[in-house]
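J.: This is the structure I want to talk about, given as C-alpha cells.
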There are 2 protein chains.
Amino acid sequence: MSDLLIRSANVLQVAADASQVLVLRDHDILIGGGRIESVQPAGMADQSHFRQVIDAGGLLAMPGLINTHAHVPMVIFRGLAEDVSIEKWFNDYMWPLESNLQPEDVYWGMLLGLAEMIRGGVTAVADHYFYMDRAAQAVDKAGTRALLGWAIFGSDGLEAVEKTAAFVRDYQGAAGGRIRTWMAPHAPYTCDDDFLRACVRQAEALGVGIHIHVSETMGQTEASLTKRGLTPIQVLEQTGVLEVPTILAHVIGAMPGDMAVLARKPTGIAHAPKTYLKLAMGTAPVRAFLGHGIPVGLATDGAVSNNTLDIWESLRLMAMTQKQEAGSPEVMTIPQALYLATRESAKVFGLPADLGALEPGALADLILVDLRGVHHQPLHSVSASLVYNTAASDVRTVICDGQVLMRDRQLLTLDEAEIVAQVKTSMERLAQRQPDRRIQVYNP
Amino acid sequence: MSDLLIRSANVLQVAADASQVLVLRDHDILIGGGRIESVQPAGMADQSHFRQVIDAGGLLAMPGLINTHAHVPMVIFRGLAEDVSIEKWFNDYMWPLESNLQPEDVYWGMLLGLAEMIRGGVTAVADHYFYMDRAAQAVDKAGTRALLGWAIFGSDGLEAVEKTAAFVRDYQGAAGGRIRTWMAPHAPYTCDDDFLRACVRQAEALGVGIHIHVSETMGQTEASLTKRGLTPIQVLEQTGVLEVPTILAHVIGAMPGDMAVLARKPTGIAHAPKTYLKLAMGTAPVRAFLGHGIPVGLATDGAVSNNTLDIWESLRLMAMTQKQEAGSPEVMTIPQALYLATRESAKVFGLPADLGALEPGALADLILVDLRGVHHQPLHSVSASLVYNTAASDVRTVICDGQVLMRDRQLLTLDEAEIVAQVKTSMERLAQRQPDRRIQVYNP
C-alpha cells in the first residue's frame, strides 16, 4: 500500500535552469512515505494500492509555496502600525506592542498565521520570532514544514545565545522531521560583534545556520559605514556569520562589493517586496543577486508591515517591482519569477534537493490550484496566470509531507473558529502601547 | 412597499474631506427606486415594507467599486502579451491581435470581464473599446453601470467620429439609465488635431465628455515636445478637448506646467498602477494631481497589461507605489486611499453626487464585504484591512441600481459557464498573430 494518489492533475514543471515552464497535462502523482514516488501519465496506477485518492481533474499541481522569512505570530498585531515611518514603526509601535507578548500569544498567533498560509498554498516557512517552542507546537499541530529561529538581541545578553541554542537542539527534527531549527540573532544593528560571534560558535557546534536581518535599507548600510567603516554585510563576514548557512532578510542596502562577498558564501536572500513598498524601503537588487548566483526566495515578512502572509502577492510584486526598477518590462520574465517562487525559494529554505519541484524523490509538499475562475479566463497562459492572476483563494487543496492539510478549501488540521476566538480574547491587551515600554530601540 | 432592506451591516463612511474613515456598526440600509433612502441604526425599519431583505450581519457595506478606465473585452486576449516592451506590446502583440476582433468577441468578452468585476465588487466601469453597441448589450444584461466610449483612431477618418457620435446618441441613458456614453478618441499620438477637434465638436453638440489616453509615459511627452514643442496635455488644451468633461487615462508623463492646465479644467485622471509597474511605465504623480485639486480615480486598464480587473489590487498598488515614489510610508494614508477609491473615483466617473458614498439620495450601488477570513484576523483595523488585505473573493454580495447582481458569491444575472464556454470556442482564432496585420502602429 502507498499513501496517496493525486489523479489527473496538470503538473507544473519549472526548468532547473529557469528557462521555461511546462505543464504536463493529465498526470498522476504517486506519494508514499512523505515523498513523491512518481509523476506519470494518468490512468496507469492501480488505485487500490493507495490509502487515499484525490481527483485533481482540471486542477494544476505545483510545489507548495515557501515563505523564506516571516514573523508569523505577529499577525496578532495586524493593522496596528499603519502609515508611519520605519523609525516610528519600530520605536512607537512594533517594539512597544511586543512588550505585551506572552507565550500563549505566540502559540495562537502562529496557528492563525499558519491557517492563513495553508489557505494560500504555503507549506513551509522560515520563521523568526519569540517563544519559538510555542511556535513549534503550532507547526506540529498544523502539519506544515518550518525552519524556526528564536529571535534574540544583543541586549538580551549572552545567556540568550545559550538559551536559544538549547531551543535549536531540543526542537531539531521535531514534528516528524518537519521542523528544523537555526540560530536567529536579530540584526547587526541590534547585536554587537561578540554576540554575533557567540551565535556563530553555537551554530557551528550544532551544525545549523543563522537567520538574520541585514542591510534592510540603504540608510542602515550608510549608518554602518559612517559608524564603523563597514557595510552590514561586511560585519557579518568579519564576525563569521557568513561561514555557516544563512538566510539574510531583505538586503535592500547592498553595496556592489557586498555582492562578491555573498557570492562566495552559503547564503540566500529572503525577499519581501510588499513590505518594501509599504514602508518605502527601496527596491532590493534581486537581478544583481541572481546574476552573482546568490539564491533569492520569496517572503512575506511579518503581517504588521506586509498585512498578509500571501506569497502569490510577493511573487507578483517581486516581478513587477524588478521590471519597474530596471525600467524594462522584458526583465524578470514569467519563467524566472516562477523559478524564484519554487526552486530558488527551496534553496534559500535550505532544502534544494527536497522541495521546489514535483519530481520523484522530492518531499510531498504540493498544492492543487484552480485556474478555472473567471479572473483566469480564457486561460491562454497558465504561467502568466500563476504570476499575475492567481489569488490565495484559488488554492483548493494543500498537501505537506504527504499529509492533506486542506481539501477543497476545508482545513483538516486546524479549527479556525477556535483560533480566531482565542486571538480575539487578547486583542485589547495586545493593542496597548506605552512608548516608553519597548523591547528594543531602533537606532541603526 | 420599498425595494430592498440591507439589515445589520457595518457601514463604511469615508469623510468628504478624506480626513478619516468611520464604520457605523449594525446599521440598516433602506433602498427604493434604485437609490439609498436611509442609513439608520438596525432594527427600526419594518421588514414587511420591503420586497427583499438581505441580512448583512457581520459584513461591511461600502460603495460599489468604480473602474475609471478599462478595455474590458480585452480579457479575451489575457496572457498573450507578456514580458515585452511597450513598443512590442502594441506593434507585435496587441494591435495584431485586435485585427482578429469581431463584434461577437466584444459581447462575450465584455460579459466575461463584467462577471470578473462583479465578483470583485466593481459596479461601474468607464470602458474604452470597439463595437461598443455590443458592449452596451452586455452591460444591459449584467446589470452594472457603465460609461462607454467607442475607441477611434485618426486613421479611421472623420466618418469614424460621426459613427461613434451616433453610438453616443443612440445609447445615452440605455439600460434604464445605467449606461452613459462619451466620445473616445484613442490618444493625441494616434489622432491628429483636426480629428480631435471634430471629436470635441461632437461632444459639445451631444453634451457629453471625452475619454482619452494621454501622456501614458514620460517618453510620449518627450516625443511630443520634440515633434511639435507641446506636451500631449497642451495638445488636448489647444484642440479644445479639455473644454468638455474628460477622463484622462494614465498621465504618467505630466510636466509641471500641465498641472496648472489640468487644475482649471473639468477633468479627472484614471490611474492603473498594476499596468504601470508591469510595463515599467513610471509612477504617475497622483499626489501632485490631488494637491492641484485634480480628481484621481482607480482603474485597471485592459487585462492584457493588467491581467486582472481587480480594483482592490489597484487600490493597494496605488497606495504602495505612491509611498515608494515619495520615499515615505507616511504619505497616501489609508483614509486618503479609501477616499480615492470611493468619492474621487465617483468624481472621475462623472457622478460625484450619485456614487462613492452610502448616503441618502445616492444611487444604490453597494457591496457587502466579508472581513471574517483568517487573512483579516484579528481585525484591529477595518480600514487597513480594506486597503491592504481585502481580496476580490471577500466580496459576498453586489448591488447595482438597487438590483442584486451577486448574492453570497452567486451571480444572479450572468451564466458564467456559458460565457466561458463561448469565449473558449474563439481562443485559437483570437490568439493568431500576423505582425504585418495590425489595426494601428505605435510610434508616438
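The values are calculated or read from the model by the stated rules, or taken from the named source; none is laboratory data. Since this is a predicted model, take the numbers as computed values, not measurements. Because the Cβ atoms are built from the backbone with ideal geometry, glycine has one as well, and the counts that use them run over all protein chains shown.
J.: Output yes when any residue across region A:403-411 is more than 14 Å from chain B (Cβ to nearest Cβ), of a type in the set (D, E, K, R) and farther than 28 Å from A:T181 by Cβ, and no when none is.
T.: Scanning region A:403-411 turns up at least one residue that is more than 14 Å from chain B (Cβ to nearest Cβ), of a type in the set (D, E, K, R) and farther than 28 Å from A:T181 by Cβ.
J.: Can I ask one more? Quick check: anything in region A:75-83 of a type in the set (V, I, T) and touching a residue at least 40 places away in the same chain (Cβ under 8 Å)?
T.: Yes, there is a match, as at least one residue in region A:75-83 is of a type in the set (V, I, T) and touching a residue at least 40 places away in the same chain (Cβ under 8 Å).
J.: Still on this structure, please answer the following. With modelled with pLDDT of 95 or more and within 15 Å of the chain's Cα centre (by Cα) as the only criterion, which of A:A160, A:A174, A:A187, A:A126 stands out?
T.: Answer to the selection: A:A126.
J.: Please indicate, with yes or no, whether at least one residue in region A:232-248 is more than 30 Å from A:K163 (Cα to Cα) and either out of contact with any strand residue (DSSP E or B) (no Cβ under 8 Å at 6 or more places or on another chain) or within 14 Å of chain B (Cβ to nearest Cβ) (or both).
T.: The answer is no, given that none of the residues of region A:232-248 is more than 30 Å from A:K163 (Cα to Cα) and either out of contact with any strand residue (DSSP E or B) (no Cβ under 8 Å at 6 or more places or on another chain) or within 14 Å of chain B (Cβ to nearest Cβ) (or both).
J.: Among the residues of region A:389-399, is any in contact with a Phe, Trp or Tyr (Cβ under 9 Å, 6 or more places away or on another chain), more than 29 Å from A:M94 (Cβ to Cβ), touching a residue at least 12 places away in the same chain (Cβ under 8 Å) and among the hydrophobic types (A, V, I, L, M, F, W, C)?
T.: So far as region A:389-399 goes, yes, one or more of its residues are in contact with a Phe, Trp or Tyr (Cβ under 9 Å, 6 or more places away or on another chain), more than 29 Å from A:M94 (Cβ to Cβ), touching a residue at least 12 places away in the same chain (Cβ under 8 Å) and among the hydrophobic types (A, V, I, L, M, F, W, C).
J.: Six or more apart or on different chains, Cβ atoms under 7 Å: show the pairs whose first residue is in region B:244-257 and more than 18 Å from B:E216 (Cβ to Cβ) and whose second is modelled with pLDDT of 95 or more and assigned to a loop (DSSP other than H, G, I, E, B).
T.: So the pair list comes out as B:V244/B:G209; B:P245/B:G209; B:P245/B:P266; B:P245/B:G350.
J.: Looking at region B:159-205 only, could you name the residues that are among the polar types (S, T, N, Q) and over 19 Å from B:A124 (Cβ atoms)?
T.: Result: B:T164, B:T190, B:Q202.
J.: Residues in region B:317-328: is at least one of a type in the set (A, V, I, L, M, F, W, C), closer than 15 Å to B:L12 by Cβ and in contact (Cβ under 8 Å) with a residue 60 or more places away in the chain?
T.: No.
Matching residues to (1) of a type in the set (K, R); (2) more than 29 Å from the chain's Cα centre (by Cα); (3) farther than 14 Å from A:L368 by Cβ; (4) surrounded by fewer than 18 Cβ atoms within 10 Å (Cβ to Cβ):
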| residue | (1), (2), (3), (4) |
| --- | --- |
| A:L12 | no, no, no, no |
| A:A15 | no, no, yes, yes |
| A:D28 | no, no, no, no |
| A:A45 | no, yes, yes, no |
| A:S48 | no, yes, yes, yes |
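J.: Identify all residues within region B:5-38 that are touching a Lys or Arg at 6+ places or on another chain (Cβ under 7 Å) and modelled with pLDDT of 95 or more; write none if there are none.
T.: B:N10, B:V14, B:D28
J.: Also: Can you give me the number of residues within region A:306-334 that are within 9 Å of chain B (Cβ to nearest Cβ), assigned to a helix (DSSP H, G or I) and of a type outside the set (A, V, I, L, M)?
T.: Looking only at that region, the number is 7.
J.: Now for a separate question. State yes or no: is A:S19 in a helix (DSSP H, G or I) and surrounded by fewer than 20 Cβ atoms within 10 Å (Cβ to Cβ)?
T.: No; evaluated as a whole, the condition is false for this residue.
J.: Name the residues in region A:399-422 that are part of a helix (DSSP H, G or I) and buried (at least 22 other Cβ atoms within 10 Å of the Cβ), would you?
T.: Within region A:399-422, just A:I419 meets the criteria.
J.: On to the next question. Report, by residue number, each residue of region B:292-320 that is within 21 Å of A:K278 (Cβ to Cβ) and either modelled with pLDDT under 95 or of a type in the set (D, E) (or both).
T.: Listed by number, the residues that qualify are B:D310, B:E313.
J.: Looking only at residues in region A:380-398 that are facing chain B (nearest Cβ under 7 Å) and not in a helix (DSSP H, G or I), which one is surrounded by the fewest Cβ atoms within 10 Å (Cβ to Cβ)?
T.: It comes out as A:H380.
J.: If I ask for residues that are in a loop (DSSP other than H, G, I, E, B), surrounded by fewer than 24 Cβ atoms within 10 Å (Cβ to Cβ) and small (G, A, S), which ones from region A:271-305 would you list?
T.: Passing the criteria: A:A280, A:G282, A:G293.
J.: When region A:56-100 is examined, which residues are found to be more than 22 Å from the chain's Cα centre (by Cα), assigned to a loop (DSSP other than H, G, I, E, B) and more than 9 Å from every other protein chain (Cβ to nearest Cβ)?
T.: Selection gives A:A56, A:G57, A:G58, A:L59.
J.: Scanning region A:290-305 for residues that are more than 11 Å from every other protein chain (Cβ to nearest Cβ) and small (G, A, S), which turns out farthest from A:K265 (Cα to Cα)?
T.: Selected residue: A:G302.
J.: Which condition number does B:A337 fail, the rest of (1) more than 13 Å from every other protein chain (Cβ to nearest Cβ); (2) in contact with a Lys or Arg (Cβ under 9 Å, 6 or more places away or on another chain); (3) not basic (K, R) being met?
T.: So the condition that B:A337 fails would be (1).
J.: Oh, and also: Hey, B:I86 hits all of (1) farther than 19 Å from B:L309 by Cβ; (2) crowded, with 22+ Cβ neighbours inside 10 Å but one; which does it fall short on?
T.: (2)
J.: Return the total of residues in region A:138-156 being part of a helix (DSSP H, G or I) and surrounded by fewer than 20 Cβ atoms within 10 Å (Cβ to Cβ).
T.: Qualifying residue count, region A:138-156: 4.
J.: Across region B:388-444, which residue is modelled with the lowest pLDDT among those that are over 22 Å from B:G109 (Cβ atoms) and hydrophobic (A, V, I, L, M, F, W, C)?
T.: Taking the candidates together, the pick is B:V441.
J.: Among the numbered criteria (1) within 11 Å of chain B (Cβ to nearest Cβ); (2) surrounded by 24 or more Cβ atoms within 10 Å (Cβ to Cβ); (3) in a loop (DSSP other than H, G, I, E, B); (4) not small (G, A, S), which one does A:R372 miss?
T.: Just one mismatch for A:R372, condition (2).
J.: Going through region B:221-241 one residue at a time, which ones are of a type outside the set (V, I, T), touching a residue at least 24 places away in the same chain (Cβ under 8 Å), touching a helix residue (DSSP H, G or I) at 6+ places or on another chain (Cβ under 8 Å) and surrounded by fewer than 24 Cβ atoms within 10 Å (Cβ to Cβ)?
T.: The answer is B:S224, B:Q234, B:E237, B:Q238, B:G240.
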